[in-house]
Amino acid sequence: MATNNVMIDRAGYEYTVKNNPEWFYKALQKAHTLANDYVRVIPNVTKDVHIKKLVMDNMSVSQADPRDCSWTPLKRFSFDGADFTVDNYKINEEQCLNDLDAIYSEMTYSIGANKTEWPKIDGEGESLEEAIMFHLRNSLSNDIEHIIWGGQAVAGIQSGITDQLAVDADAIKVENPVDLDSSNILTEIARVYAAIPTQVINEGEYEPEKAAVKIFMNANTYRFLRMALSTVPTAQQVLLPSFSIVDGKIYYMGVECVVVGLPDNTMIAASRDNLVFLTDLLSDTSYIKTAMGAELKNENIWYAKGQYRAKAGYIFADEVVFYQA
């Protein structure tokens with residue numbers, strides 16, 4: 001990575017994950033769902049993969065001992081899973097240098113900043129290279145969030161968790177969903193909670209090695225939830241008895257409500273143990289290149305290109321609650 005203060009370095013940059021992993025990790029860290037560890041990341045998936053999940057039968061491991069030296073073990077642990085195929089994506093970026101100068105010069109808050117200087121990005125230095133990579137990381141993290149949850153196409157592909165659940169007959173679908181607002185959100189969250197299988201709730205509550213189930217929604221729905229909770233029956237009752245707020249997080253009956261990149265009027269209740277994001281961005285063959293326009297097309301434009309594979313999904317549809325109006 002260049003460290004000099006040259007405004008334009010006409011040599012191209014090539015980022016391989018093996019030698020320059022920071023560009024990808026920072027993109028992952030900015031993707032809201034992955035930054036909060038809401039799904040499991042499965043790396044180095046270049047085509048197809050079978051993801052397994054440990055299943056435990058609900059039975060006791062204890063048996064009466066008649067003191068006869070007999071041994072009759074019962075099968076309690078088994079593996080089940082699902083097959084996934086990753087989708088292919090290309091990074092195609094074209095950015096005018098004048099636009100970059102305007103965008104990033106606005107981020108320079110030091111007195112007497114020179115327009116020929118690039119501002120510091122996350123404390124990384126002052127170079128066009130870092131400004132370009134900062135821009136790409138923001139764009140890529142936004143794409144990853146949409147790829148995970150779906151509801152809209154990214155690069156012509158629409159196969160996120162929402163899209164899969166909509167056509168999956170085995171998913172638990174809340175009947176008669178409505179357009180969400182502050183007047184009905186409390187009732188509809190209660191309906192989502194009621195549809196969660198008892199085993200899924202118990203796994204996160206009584207088995208410490210299992211992830212707790214969460215109710216996922218987008219920022220608009222979460223705003224409706226906050227608005228609804230601000231309207232209380234009496235001055236002394238801060239929250240409805242079924243809701244609680246701990247360290248700024250909202251819970252319904254002990255299940256956390258969290259914000260992710262879902263479409264409007266959509267909620268999903270699921271456990272991290274059941275949700276996966278597969279990618280080969282961690283492999284040594286993934287790369288991204290940036291180059292000045294003269295080397296590719298136009299000398300006044302900076303171009304970037306790259307490639308990666310990604311896919312999000314769930315292992316057991318019958319453990320996921322899907323609400324969509």
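The values are calculated or read from the model by the stated rules, or taken from the named source; none is laboratory data. Quantities reported herein were computed from a predicted structural model and do not represent experimental measurements. Methodologically, a virtual Cβ is constructed for each residue, glycine included, from the backbone with ideal geometry; neighbour enumeration extends over all protein chains shown.
Quick notes on this one:
- Residue count for segment 173-202 under the criterion of being in contact (Cβ under 8 Å) with a residue 40 or more places away in the chain and assigned to a helix (DSSP H, G or I): the result is 12.
- Unmet criterion (only one of (1) closer than 30 Å to R309 by Cα; (2) out of contact with any Asp or Glu (no Cβ under 8 Å at 6 or more places or on another chain); (3) at pLDDT below 85; (4) of a type in the set (S, T, N, Q)) for T231: (1)
- Residue match in segment 173-182 (condition: at pLDDT 95 or above, crowded, with 21+ Cβ neighbours inside 10 Å, within 23 Å of the chain's Cα centre (by Cα) and farther than 20 Å from R272 by Cβ): yes
- Checking D170 against (1) among the acidic types (D, E); (2) outside any loop (DSSP other than H, G, I, E, B); (3) in contact with an Asp or Glu (Cβ under 8 Å, 6 or more places away or on another chain), the condition it does not meet: (2)
- Test for K214: is it within 24 Å of the chain's Cα centre (by Cα), closer than 18 Å to L275 by Cα and modelled with pLDDT of 95 or more: yes
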